[in-house]
Amino acid sequence: FALRILEGIAKSIRESRTIDLLASGLQSQIRGVITIEQEFLSDPSMADLIDGRFRIVGKISRVVSEQGQSINLLRNSSLGKFNKQLLDQMLSAFEHLRAHIEIPDAETKVSGPAIQMIPIAIYA
């Protein structure tokens, strides 16, 4: 069952034209969500972006300053249409897999304070 859920999530991500990356290590406590159009990536697998340090020049498209607000990371996928209860139930199916494989905690929303950015250039 969990494998079918993983396959469905992977398919949904592949069909989406955008990918959200979470920026960490910012100088402030503000979290960053960088929304990238897949067609502009030089490496569609994004292997060159994993564990790298980059400077990004871009346009801030959204500011979430209040604690109660958030940026929904599933908004551009079919999973974004699911209600919270069903989504939580699906994600809980992965808990028994954690004993066998390393699965990071699923983060579906980024709470404020946060910014969402559309990159113009990404520099190494």
Could you calculate the contour length gain from A99 to Y123, that is, 0.36 nm times the residue separation minus the distance between their Cα atoms, to one decimal place in nm?
4.9 nm
Using the C-alpha atoms of segment 61-122, what convex hull volume per residue, in cubic angstrom, is computed?
132
Report in % the part of the accessible area of the chain that belongs to carbon and sulfur, leaving out ligands and nucleic acids; probe 1.4 Å.
54
Please compute the modelled spin-label separation between V63 and E7, points set 7 Å along Cα→Cβ, answer in nm with one decimal.
4.6
The simple spin-label model distance between D48 and K109, using points 7 Å out along Cα→Cβ, in nm, is 3.6
Where the chain is the region considered: accessible area per residue in Å², 1.4 Å probe:
74
Label of the coordinate-derived value, Cα Rg over 2.2 N^0.38 Å, listed as [x] 1.25; [y] 1.03; [z] 1.13
[z]
Amide proton proximity set for R31, modelled H, under 5 Å, gap of 5+:
A114, I115
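The values are calculated or read from the model by the stated rules, or taken from the named source; none is laboratory data. Values in this document were obtained by computation on a predicted structure and should not be read as measured data. No Cβ is skipped: glycine too gets one built from the backbone with ideal geometry, and neighbour counts run over all protein chains shown. Side chains included, ligands, DNA and RNA excluded: accessible areas come from the protein's heavy atoms. Shrake-Rupley method; radii C 1.70, N 1.55, O 1.52, S 1.80 Å.
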